[in-house]
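Structure record follows, encoded as C-alpha cells.
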Amino acid sequence: MIIRASGATGIVTVLRRAWWWIGALMGDHDYARFVALQRRLDPDAPVPSEREYWRERHAASDSNPGARCC
C-alpha cells in the first residue's frame, strides 16, 4: 500500500493510520471486535463490560501461557 502525503492533510492521514495500526497491534480494538461477535452470535446475551473482558482475558492467558516466552 502506497500512501501519498500532500500537505498537512496528508500528514494527518498518515499519522492517523499509523496510530490505528499501532493500536491494532497492541490489542486496542479487541473488545470492540468481541462485542460485535457476541452481538452477531447471540444478540440477547449479556455482554461483559470492557473491564470484565480484559480481566477475564488476562486471567485466561495467565492460567494457560501457551507459547509465550515469559
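FYI, it's all coordinate maths here, none of it is from the lab. Predicted, not measured: the structure shown is a model, and the values here were computed from it. Reconstructed Cβ throughout: ideal geometry from the backbone, glycine too, with neighbour counts over all protein chains shown.
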Subject >> Under the span-like rule (Cα at least 18 Å along the axis, Kyte-Doolittle mean at least 0.5), DSSP H helices of the chain >> reply: 7-26
Subject >> Charge dipole (debye, nearest 20) of the chain; +1 at Cβ of Lys and Arg, -1 at Cβ of Asp and Glu >> reply: 400
Original post:
Just going by the charge dipole of the chain, with Lys and Arg at +1 and Asp and Glu at -1 on Cβ, which of HIS58, MET26, PRO43 is farthest out on the positive end?
Top reply: MET26
Original post:
What length, rounded to one decimal in nm, is gained on full extension from ARG51 through to ARG39, with 0.36 nm per residue of separation minus their alpha-carbon distance?
Top reply: 2.5 nm
Original post:
region 5-70: which trypsin sites (Lys or Arg not before Pro) are DSSP loop and have at most 12 other beta-carbon atoms within 10 angstrom?
Top reply: ARG68
Original post:
Under the classification rounded if a/c is under 1.5, otherwise prolate if a/b is larger than b/c and oblate if not, where does the chain fall, given a ≥ b ≥ c as square roots of the Cα gyration tensor eigenvalues?
Top reply: oblate
Subject >> Net lengthening on full extension, ALA59/ARG16 (0.36 nm per residue, minus Cα-Cα) >> reply: 12.3 nm
